[in-house]
Amino acid sequence: PTMPLLRSAFVLLLGLLLGACASRTPLPASAPRLSLPLSLHIQRAQGGTSADWLLVVQAEGTALRWSLFDPLGVPLARQLLDDGQWRNDGLLPPNAEARELFAALLFALTPSAELAQRYPQGDWQLAGADQRRLKPDWRIDYRTPLHFTLNTPPDLHYQVVPLQPEESP
């Protein structure tokens, strides 16, 4: 009777350790200054298929509300980033891909001058004025501050463009 119990405990511990080791996109120590609300068109492309989404980012007190919709306005994911933690917002089931995308987008939207104070030094790097990298495997290629592509292996790409005109610097 003791052996199955030990085996179960070992399997549970192993699962917890593997879950803790899973690479996740880092979040900033504090939210960057963003011009909100922000509405973005996102085109997801992978393996010859694509999908169009609408993302709205809004301030909700001290939190950031991230709402992802399909072209018909059906919600795909709703998350609140509050105090450095994601929380489900509403009745939608958790969406791990959306959380990773939102974290990568937050990094991509963070002004370059704020990166060092918001993200640990080893988690990111600038590769010129028009490219950034973020652990675990994100590469951001910029056309403008709000028009960029998020790339992650093996062949997942998110083309991001603003739905409202960008302000001139």
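So the values come out like this:
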item	result
Hey, SER50 at pLDDT below 50, open to solvent by less than 90 Å² (accessible area, probe 1.4 Å) and of a type in the set (S, T, N, Q) or not	no
Long-range neighbours under 7 Å by Cβ, at least six apart or interchain, first residue closer than 22 Å to GLY61 by Cα within region 79-103, second surrounded by fewer than 18 Cβ atoms within 10 Å (Cβ to Cβ) and among the β-branched types (Val, Ile, Thr)	ASP82/THR62
Those residues of region 128-138 which are touching a residue at least 12 places away in the same chain (Cβ under 8 Å) and either over 24 Å from LEU163 (Cα atoms) or among the basic types (Lys, Arg) (or both), in sequence order	ARG132, LEU134, LYS135, PRO136, ASP137
Single residue of region 144-168 satisfying the filter (touching a Ser or Thr at 6+ places or on another chain (Cβ under 8 Å) and at pLDDT 95 or above) that is farthest from LEU55 (Cα to Cα)	HIS157
Boolean, TRP86 is under 15 Å from PRO26 (Cβ atoms) and aromatic (Phe, Trp, Tyr)	yes
In region 24-70, the residues that are among the small types (Gly, Ala, Ser) and assigned to a loop (DSSP other than H, G, I, E, B)	ALA29, SER30, ALA31, SER35, GLY47, GLY48, GLY61
Members of region 60-74 that are under 22 Å from SER30 (Cα atoms), at pLDDT 95 or above and open to solvent by 30 Å² or more (accessible area, probe 1.4 Å)	ARG65
Residues within region 80-110 that are more than 26 Å from LYS135 (Cβ to Cβ), among the aliphatic types (A, V, I, L, M) and exposed (fewer than 12 other Cβ atoms within 10 Å of the Cβ), tallied	1
Among residues of region 48-65, those that are among the aromatic types (Phe, Trp, Tyr) and touching a Phe, Trp or Tyr at 6+ places or on another chain (Cβ under 6 Å), counted	0
Residue match in region 139-157 (condition: farther than 19 Å from LEU40 by Cβ, of a type outside the set (D, E, K, R) and free of Cβ contacts under 8 Å to residues at least 60 places away in the same chain)	yes
Conditions (1) closer than 16 Å to LEU55 by Cα; (2) surrounded by 19 or more Cβ atoms within 10 Å (Cβ to Cβ); (3) aliphatic (A, V, I, L, M): number failed by LEU115	(1)
Which numbered condition ALA77 misses (of (1) under 26 Å from PRO153 (Cα atoms); (2) open to solvent by 50 Å² or more (accessible area, probe 1.4 Å))	(2)
Search result, residues across region 120-143 that are open to solvent by less than 60 Å² (accessible area, probe 1.4 Å) and closer than 28 Å to THR49 by Cα	GLN131, ARG132, LEU134, PRO136, TRP138, ILE140, ASP141, TYR142
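The values are calculated or read from the model by the stated rules, or taken from the named source; none is laboratory data. Model, not experiment: these values are computed from the prediction. Methodologically, a virtual Cβ is constructed for each residue, glycine included, from the backbone with ideal geometry; neighbour enumeration extends over all protein chains shown. Note: areas computed on protein heavy atoms with side chains; ligands, DNA, RNA excluded. Shrake-Rupley method; radii C 1.70, N 1.55, O 1.52, S 1.80 Å.
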